[in-house]
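Below: the structure, in structure tokens.
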Amino acid sequence: MEKSAIFIDGGYLNKILKHYFKESDIDYLKFSELICKEVGVSRLRTYYYHSLPVVRPNSKEDERRHSNMWKFISNLKRLSRFEVKLGRLQLIGGQFKQKMIDVLMSLDITSMCFDKQIAQVILIAGDADFVPAIKKAKDYGAIVHLFYHPSSVHNELLDEVDELHIISKELIENCKKLELR
């Protein structure tokens, strides 16, 4: 079975979980396993990319969000074959925007394909900024799969990948965390 790596844009997946599935959290290990099963590959590793929230002076809400995100990231790091890579937030036009995430993901995708560590890329993103990395991965012989939500994806990305997979309600339902009572 061919090896793959999963590359998750955490901001994108969070947006999809909240806006389209009304979920705030899933079992990421199960999510990775189900995706690999659907594609028919073995998983070398899952890479999760995100930014920690900014903490403004004297903001208890910012401190709470930062603390919750840090706990979440710490838990992800402890999952089998998971790696977390952090970008940063920058204030642009009155809104905080993630910076460096697309570049980090693109570098990891292209270098792993160049080094032949993986034969298949599984990307969970919606941003057209990944198109050059996808083209390069394909040049290196990799098959590129995109898991996405139809309401939140750039057409250029859809046009460039090899295989399309919709993040379905069924997939998310199968990855819900069990609540302890």
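Go through the range 149-175 and give me each residue that's under 12 Å from residue 34 (Cα atoms) and of a type in the set (A, V, I, L, M). Correct list: 167, 171, 172.
If you go through the range 34-76 and keep only what is among the acidic types (Asp, Glu) and either within 20 Å of the chain's Cα centre (by Cα) or exposed (fewer than 13 other Cβ atoms within 10 Å of the Cβ) (or both), you end up with 38, 61.
Could you please let me know if residue 26 is in contact with a Lys or Arg (Cβ under 9 Å, 6 or more places away or on another chain), touching a residue at least 24 places away in the same chain (Cβ under 8 Å), surrounded by 15 or more Cβ atoms within 10 Å (Cβ to Cβ) and of a type in the set (Val, Ile, Thr)? Even if it seems obvious, please write down each step before you answer.
Details: in contact with a Lys or Arg (Cβ under 9 Å, 6 or more places away or on another chain): yes; touching a residue at least 24 places away in the same chain (Cβ under 8 Å): yes; surrounded by 15 or more Cβ atoms within 10 Å (Cβ to Cβ): yes; of a type in the set (Val, Ile, Thr): yes.
Criteria met by residue 26.
For the range 82-93, residues that are of a type in the set (Gly, Ala, Ser) and open to solvent by less than 70 Å² (accessible area, probe 1.4 Å) total 1.
Considering each of 26, 35 in turn, give the residue that is among the aliphatic types (A, V, I, L, M) and within 22 Å of residue 134 (Cα to Cα).
Details: 26 fails: within 22 Å of residue 134 (Cα to Cα).
The match here is 35.
Hey, any hits in the range 79-90 for a residue that's over 16 Å from the mean Cα position of the chain (by Cα) and at pLDDT below 95? Within the range 79-90 (the criterion being over 16 Å from the mean Cα position of the chain (by Cα) and at pLDDT below 95), the answer is yes, since at least one residue qualifies.
When the range 163-181 is filtered for residues that are among the aliphatic types (A, V, I, L, M) and open to solvent by 70 Å² or more (accessible area, probe 1.4 Å), the ones remaining, listed by number, are 164, 166, 178, 180.
Return yes or no: is residue 153 within 17 Å of residue 43 (Cβ to Cβ) and in contact with a Gly (Cβ under 9 Å, 6 or more places away or on another chain)? In short, no.
Need the failing condition index for residue 76 against (1) touching a residue at least 40 places away in the same chain (Cβ under 8 Å); (2) closer than 24 Å to residue 164 by Cα, just the number. Answer for residue 76: the failing condition is (2).
Residue count for the range 1-23, restricted to those that are within 14 Å of residue 44 (Cα to Cα) and surrounded by fewer than 22 Cβ atoms within 10 Å (Cβ to Cβ): 3.
The set of residues from the range 141-162 being modelled with pLDDT under 95 and open to solvent by less than 30 Å² (accessible area, probe 1.4 Å) comprises just one member, 152. Selection of the range 106-119 for residues being open to solvent by 20 Å² or more (accessible area, probe 1.4 Å) and in contact with a strand residue (DSSP E or B) (Cβ under 8 Å, 6 or more places away or on another chain) yields 108, 117, 119. Each residue in the range 89-107 was checked for being more than 18 Å from residue 66 (Cα to Cα) and touching a Pro at 6+ places or on another chain (Cβ under 8 Å), and 1 of them qualify.
Out of 101, 134, I need the residue that is surrounded by 13 or more Cβ atoms within 10 Å (Cβ to Cβ), without any contact (Cβ under 8 Å) to a residue 60 or more places away in the chain and within 18 Å of the chain's Cα centre (by Cα). Which one? Before you say what the answer is, go through the steps one by one.
Values: 101 fails: without any contact (Cβ under 8 Å) to a residue 60 or more places away in the chain.
When all the criteria are applied, what remains is 134.
When residue 24 is tested against the conditions (1) within 17 Å of the chain's Cα centre (by Cα); (2) within 29 Å of residue 140 (Cβ to Cβ); (3) hydroxyl-bearing (Ser, Thr, Tyr), the lone failure is (2).
The values are calculated or read from the model by the stated rules, or taken from the named source; none is laboratory data. Bear in mind that the values here come from a model prediction, so they are computed numbers and not experimental data. Cβ: placed from backbone, ideal geometry, glycine included. Neighbour counts: every protein chain shown. In case anyone asks, the SASA skips ligands and DNA or RNA and just uses the protein heavy atoms, side chains included. Shrake-Rupley method; radii C 1.70, N 1.55, O 1.52, S 1.80 Å.
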